[in-house]
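Notes follow once the structure below has been shown.
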Amino acid sequence: MDSLSQIVLGATCVAVLAPALNRRKALVIGAVLGTLPDLDVLPLLAVSDPIKFMTWHRTASHSLLVLPLLGLLLWGVAQRRWRWQGTDRWRWLCGFQLALITHPLLDAHTVYGTQLLWPMATPPVMWSTVFIIDPLYTMPLLIGCICAWRWRERASAQRAVLLGLVLSSSYLGWGWIAKHRVEAALQPMLVRLGMETAPLLSVPTPFNSLGWRVVVMQRDGYFEGFASALYPDRPITLRFHPQDPEFAKRFLRLPSVQRMSWFTQNFVTIEQRATSAVLTDLRMGMAPDYFFSFVIARNVAGRWTTVHPAEQLPRPRVDDVSLARIKQSFLQAFESRNVIADDSAANRDDQAVGRSSR
């Protein structure tokens, strides 16, 4: 999740538990604790491999097996500094732990991937129920923190941060409901098309939880479409984006490809662009603009040569075209009228060539 959301969530967690006399101190401490796990990017700046940088982020600093120990250590240091007495010390301890642990749990609600059980080699958690920046989640927490800062020792200050926490958490709960509505409505169509067992990813479109982007993986490409959580029964337009499986197959054993496939749970594609083989993460962005694409090999004199470390391609620019595409993706979630897919697998090639959005 974005830094502001993590800061106000951490501040809220400590402020709602800390003694009223220390409300402002609690907000500051919580804000620091809330952003602390994301400081793992600082040592990662020394990593030259962009795929390692991407997949090593949200590891140890986001582990539910590590953060409780860090919270206990930091609380012990703070206890020696301020010498909290009686039940106050345990309220502060709970606040420290809550501010740290909620950080990776919130991140796990996004699609990026958070390794909650590091150092166990379990796949990253990506519940993908909320967009990485969503004002409707952040604003209740931010308003609650502002009110608590101004009202300080008043009982209404604690009620403000508690209300902000309840509202933001309820919004996260709505994200789960919205995701279920979209995926449940999509299943009959996938069954009809013979794709009921195909890997499916649903992700909120930017800055909201009403419009959803869906990706259905196939051996020879992937389908992409947009759905509405409010009107899930409306027809969904699926566009097919082809991939040459034989071309992709020659690169599957590369460590960079295996690492990204594990990290993304196989929501990747490998395609040839001019003389380069490009590995693309399909989870973030929308066709043809994706945030993470890497050159993994180049064709030199007719032979493919591995590029190590992989080279990250520039991210899509935010311009009028991309903004229009984001707007269109949201509107498509409510205005789709036909399904661009066919029950006959024999028609897929024609569909991919004639109706692909590329």
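Asp343 - would you say it is at pLDDT below 95 and more than 23 Å from Pro204 (Cα to Cα)? When the stated conditions are applied, Asp343 passes them. Annotation note: of Thr197, Thr129, the sole residue that is polar (S, T, N, Q), assigned to a loop (DSSP other than H, G, I, E, B) and surrounded by 20 or more Cβ atoms within 10 Å (Cβ to Cβ) is Thr129.
Of all the numbered requirements in (1) under 30 Å from His180 (Cα atoms); (2) in contact (Cβ under 8 Å) with a residue 60 or more places away in the chain, Val14 misses one, and that requirement is (1).
Taking the criterion of being polar (S, T, N, Q) and either in a helix (DSSP H, G or I) or modelled with pLDDT under 95 (or both), the residues of region 97-121 that qualify are Gln97, Thr102.
Reported count of residues in region 200-227, each being in contact with a Lys or Arg (Cβ under 6 Å, 6 or more places away or on another chain), closer than 16 Å to Val130 by Cα and not in a loop (DSSP other than H, G, I, E, B), is 3. When region 8-41 is filtered for residues that are out of contact with any His (no Cβ under 7 Å at 6 or more places or on another chain), surrounded by fewer than 23 Cβ atoms within 10 Å (Cβ to Cβ) and under 28 Å from Phe207 (Cβ atoms), the ones remaining, listed by number, are Ala31, Val32, Thr35, Leu36, Asp38, Leu39.
Scanning region 301-314 for residues that are among the hydrophobic types (A, V, I, L, M, F, W, C), farther than 19 Å from Arg253 by Cβ and either in contact with a Phe, Trp or Tyr (Cβ under 9 Å, 6 or more places away or on another chain) or in contact (Cβ under 8 Å) with a residue 24 or more places away in the chain (or both) turns up just one, Leu313. Contact annotation: residue pairs with Cβ atoms under 7 Å, 6 or more positions apart or on different chains, pairing a residue in region 220-242 that is over 21 Å from Asn266 (Cβ atoms) with a partner that is among the small types (Gly, Ala, Ser) and assigned to a strand (DSSP E or B), are Phe226/Gly211; Ser228/Gly211; Arg234/Ser228; Ile236/Gly225; Ile236/Ala227; Thr237/Gly225.
Determine which member of the set Pro135, Pro140 is under 22 Å from Val166 (Cα atoms) and surrounded by fewer than 16 Cβ atoms within 10 Å (Cβ to Cβ).
Criteria check complete, one pass: Pro135.
Restricting region 209-233 to residues that are touching a helix residue (DSSP H, G or I) at 6+ places or on another chain (Cβ under 7 Å) and of a type in the set (S, T, N, Q) leaves a set whose member that is farthest from Trp174 (Cα to Cα) is Ser228. Annotation note: of Leu64, Leu70, the sole residue that is out of contact with any Cys (no Cβ under 8 Å at 6 or more places or on another chain) and in a helix (DSSP H, G or I) is Leu70. In region 185-194, which residue that is in a helix (DSSP H, G or I) and among the aliphatic types (A, V, I, L, M) is farthest from Leu172 (Cα to Cα)? So, considering only residues that are in a helix (DSSP H, G or I) and among the aliphatic types (A, V, I, L, M), the one farthest from Leu172 (Cα to Cα) is Val191.
Just one of (1) closer than 16 Å to Ala310 by Cα; (2) assigned to a helix (DSSP H, G or I); (3) out of contact with any strand residue (DSSP E or B) (no Cβ under 6 Å at 6 or more places or on another chain) fails for Glu246. It is (1).
The values are calculated or read from the model by the stated rules, or taken from the named source; none is laboratory data. The model shown is predicted, which means the values in this text are computed figures rather than measured ones. Glycine also receives a Cβ, built like all others from the backbone with ideal geometry; neighbour counts cover every protein chain displayed.
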